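Right, one structure below, let's go through it.
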Amino acid sequence: MIPKITGIEAFKGVFKLQKNPLKYFMEVYDKFGDSILMKLLGQEFLLIRDPAHVKYVLQENSSNYTKSIMYNELQKLVGKGLLTSEGAEWKKNRRIAQASFKKSSVEGFSKIFYEETKSVIDEWKNKTELDLSKEFMRITFRIVGKALFSTSVDEDSQKIDDALSIAQVRILDRAQGLFKMPYSLPTPKNLKLKKAINDINEVVDNIIRTRIESKERKQDLLDALIYTEDEETKERLSPKQIRDEAITFLLAGHETTSNAMTWFFYLMTENKGHYKRLENEIRTSVPKLGEIGTKDLLELKLADIFLKESMRIYPPAWMIERASIKKDKIGEIDIEAKTMVSICVYAIHRNPKYWTEVEKFIPERFLPENEKNRPHYAYIPFGGGPRICIGQNFAFTESLMILATIIREYTFELTPNQIIEKESLLTLRPKYGMRMKLIKNEN
């Protein structure tokens, strides 16, 4: 019999969820097990962290599951891009964008990954302390601008970061709230959200308009969005679809990697023995000077498993939600149509059935001999099934390049007396930033 949370306990759960969602998910899984049914105001919610159940929803019967209320609210920010669109529209848009993320394309981006990272860290030479979260936002924003849109967006990075922070808080607030004001009403919160969205739209519209007016053709994602004709429907994207996809890739492409890198270096400063091992690998595997290439990254065996373990502990995309279209049976669990299915990636990565000492940094978990004994869906930092993140190879290669370029030149130490707190918005970010002391390496 599946455990159920109803009545006053369900109401209490909603408020706990709003206050600290990660803590609430971990508490209910620890108390009730891997599957919990919550019923509130006639709406059923299924919370799952069993890899077999997750695989069923995301892959085996994915056609019966659509995006949830969260994604409906997210459409205010990203429109109907790949993250929020459904059905035939999603399939068409994914086919058009896919070529920009194939392996050969990602390898071609490695020069941009290196150059944009190097250009930012060259500005650190007279600094002794940094807020890493802000620096990684700059690096990843510049990379996305150059790699996907062939343009410099550095001057807009702070504007986008500020707007995205506001938009995430407001969208999550609307998605999780039991009662919410109509978006059309000019309340202070609605006006703040609309301004943030307008700021982001302004930047993206300028990028698209400049490219179209130039009539210049480039081998990048934006060119594909503007000019590619879908091979099946023979249709091109409409102007609104181009904007929606551009916003989706601009925001998703820099926010997640930036947070992944910030948490990665936090874990390094907290695990100094591992940090030293990684520094030794990088300094003996990549050129001491000049460009680091894709072939150099293939030599970074420790960096590979370190990064995977970091994304286990701090998955940037910490939550996936779906809604059932028809009645279904997930394992032994019968659910009704329109049941909201919550897949907390953060909790899945801490399921004690598949992970021991869940809060400890143990990268050897990802050695091939250890991975083979674990269900594939016990580790899903990029999601799974047909809607697995289209940019996962891009993001992982980018992350390896960023950390290799930085570690070759600098070592970080966590600045003492600061509060490190997880903030689970649309992505998992450090709530108060991440201040680090900066130490230049002697080559």
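The values are calculated or read from the model by the stated rules, or taken from the named source; none is laboratory data. These numbers were taken from a predicted model, which means no experiment stands behind them. Neighbour counts are summed over all protein chains in view; Cβ atoms, including those assigned to glycine, are modelled from backbone coordinates with ideal geometry. Accessible surface is based on the protein model in full, side chains and every heavy atom, while ligands, DNA and RNA are left aside. Shrake-Rupley method; radii C 1.70, N 1.55, O 1.52, S 1.80 Å.
Note on the stretch 165-188: among residues that are in a helix (DSSP H, G or I) and in contact with a helix residue (DSSP H, G or I) (Cβ under 6 Å, 6 or more places away or on another chain), the one that is farthest from Ala323 (Cα to Cα) is Ile166. If the condition is being closer than 18 Å to Tyr114 by Cα and acidic (Asp, Glu), then the stretch 282-316 contributes Glu291, Asp296, Glu299, Asp304. Scanning the stretch 400-437 for residues that are within 19 Å of Asp304 (Cα to Cα) and among the β-branched types (Val, Ile, Thr) yields Ile402, Thr405, Ile406, Ile407, Thr411. Only one entry of Lys125, Lys118, Lys134 meets the criterion of being under 17 Å from the mean Cα position of the chain (by Cα), of a type in the set (D, E, K, R) and open to solvent by 40 Å² or more (accessible area, probe 1.4 Å), and that entry is Lys134. Select from the stretch 197-216 the residues that are out of contact with any Lys or Arg (no Cβ under 7 Å at 6 or more places or on another chain), closer than 30 Å to Lys19 by Cβ and in contact (Cβ under 8 Å) with a residue 60 or more places away in the chain and list them in ascending order. The one that is out of contact with any Lys or Arg (no Cβ under 7 Å at 6 or more places or on another chain), closer than 30 Å to Lys19 by Cβ and in contact (Cβ under 8 Å) with a residue 60 or more places away in the chain: Ile200.
Could you tell me which of the residues Phe396, Phe412 is touching a strand residue (DSSP E or B) at 6+ places or on another chain (Cβ under 7 Å) and surrounded by 16 or more Cβ atoms within 10 Å (Cβ to Cβ)?
Being touching a strand residue (DSSP E or B) at 6+ places or on another chain (Cβ under 7 Å) and surrounded by 16 or more Cβ atoms within 10 Å (Cβ to Cβ) holds for just one of Phe396, Phe412, which is Phe412.
Under the condition of being part of a helix (DSSP H, G or I), surrounded by 14 or more Cβ atoms within 10 Å (Cβ to Cβ) and not charged (D, E, K, R), the residues counted in the stretch 266-284 number 8. Quick one: would you say Leu191 is open to solvent by 10 Å² or more (accessible area, probe 1.4 Å), assigned to a loop (DSSP other than H, G, I, E, B) and more than 30 Å from Asn93 (Cα to Cα)? No. The number of residues in the stretch 19-35 being of a type in the set (Asp, Glu) and open to solvent by less than 40 Å² (accessible area, probe 1.4 Å) comes to 1. The set of residues in the stretch 313-355 being assigned to a strand (DSSP E or B), surrounded by fewer than 19 Cβ atoms within 10 Å (Cβ to Cβ) and touching a helix residue (DSSP H, G or I) at 6+ places or on another chain (Cβ under 6 Å) consists of Glu321 alone. When Thr84, Thr151, Thr140 are checked against the criterion of being β-branched (Val, Ile, Thr), out of contact with any Gly (no Cβ under 9 Å at 6 or more places or on another chain) and either in contact (Cβ under 8 Å) with a residue 12 or more places away in the chain or open to solvent by 10 Å² or more (accessible area, probe 1.4 Å) (or both), a single residue qualifies: Thr84. Of all residues in the stretch 64-95, exactly one satisfies the criterion of being closer than 15 Å to Lys240 by Cβ and of a type in the set (Asp, Glu), namely Glu89.
Yes/no per residue for (1) open to solvent by less than 10 Å² (accessible area, probe 1.4 Å); (2) farther than 27 Å from Tyr314 by Cβ:
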{"residue": "Lys4", "(1), (2)": "no, yes"}
{"residue": "Lys16", "(1), (2)": "no, no"}
{"residue": "Leu46", "(1), (2)": "yes, no"}
{"residue": "Asn61", "(1), (2)": "no, yes"}
{"residue": "Ile69", "(1), (2)": "no, no"}
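Listed by position, the helices (runs of 4 or more DSSP H) contained in the stretch 69-161 that have at least 1 residues being under 30 Å from Asp296 (Cβ atoms) are 87-98, 103-121, 132-149.
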